[in-house]
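The values are calculated or read from the model by the stated rules, or taken from the named source; none is laboratory data. Bear in mind the structure is a predicted one, so any value in this text is a computation, not a measurement. What goes into the accessible areas is simple: the full protein's heavy atoms, side chains included, and nothing from ligands, DNA or RNA. Shrake-Rupley method; radii C 1.70, N 1.55, O 1.52, S 1.80 Å.
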Amino acid sequence: MKKKYLAAKININENIYGDNVTEMIQMIPDAIKAAKHLQVKQWTWSFSDIGEIDDGLLHGKLSKARKEIKETLDLKTKTTQHTVIPNSSESSFFIYDPVNEILIFEETSKLNRETFIEIFQRLVYLGNINIGNIVIKLVPRKDELYSKIKGIEVLTKIEFDLIPLT
């Protein structure tokens with residue numbers, strides 16, 4: 001199965017003029033680890049399976065879950081039965097490099113880039129409100145992306161299909 005990954009730059013937005021921006025950038029991994037659940041309509045969003053690779057790279061999943069009710073028709077009694085499925089969920093894998101402030105994440109049919117970015121930003125804020133709002137901007141050009149990734153020495157091979165933004 002072919003997966004689609006996007007690269008983005010994370011920027012401290014709200015406190016950009018403060019004298020401790022570097023400190024705040026270093027707080028983002030801990031904010032990801034400490035983030036609470038976020039309820040948006042029927043979905044509960046959270047970071048899951050958070051782990052660290054050597055050199056401080058953080059990996060995990062942005063996950064959404066909800067209770068789902070399935071209706072089935074009982075042909076004998078001609079009645080509808082309701083079955084609750086406790087946790088219907090979807091997730092998207094990500095890697096965050098705090099040194100270069102690069103986020104690489106998976107875009108899926110159930111979790112598009114706009115939703116991923118919006119929810120990721122909100123969860124980081126919930127993890128540590130002292131950071132303030134962050135802004136995540138997609139890296140649009142191939143040469144810029146490769147130059148950003150060169151700083152990540154852990155990766156041995158990476159392939160992308162780049163789709164220009166319209």
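Apply the Debye scattering formula to segment 4-150, with a single equal point scatterer on each alpha-carbon and no solvent, then give log10 I(q)/I(0) at q = 0.20 Å⁻¹.
-1.26
On the full set of protein chains, 1.4 Å probe, figure out the accessible area of PHE47 and give it in Å² to the nearest 10.
30
Tell me, what is the 1.4 Å probe accessible area of THR80, in Å² to the nearest 10?
Accessible area, nearest 10 Å²: 70 Å².
Over segment 4-150, with every protein chain in place, what whole percent of the accessible area is carbon and sulfur at 1.4 Å, could you tell me?
Using a 1.4 Å probe with all protein chains present, segment 4-150 comes out at 49 percent carbon and sulfur.
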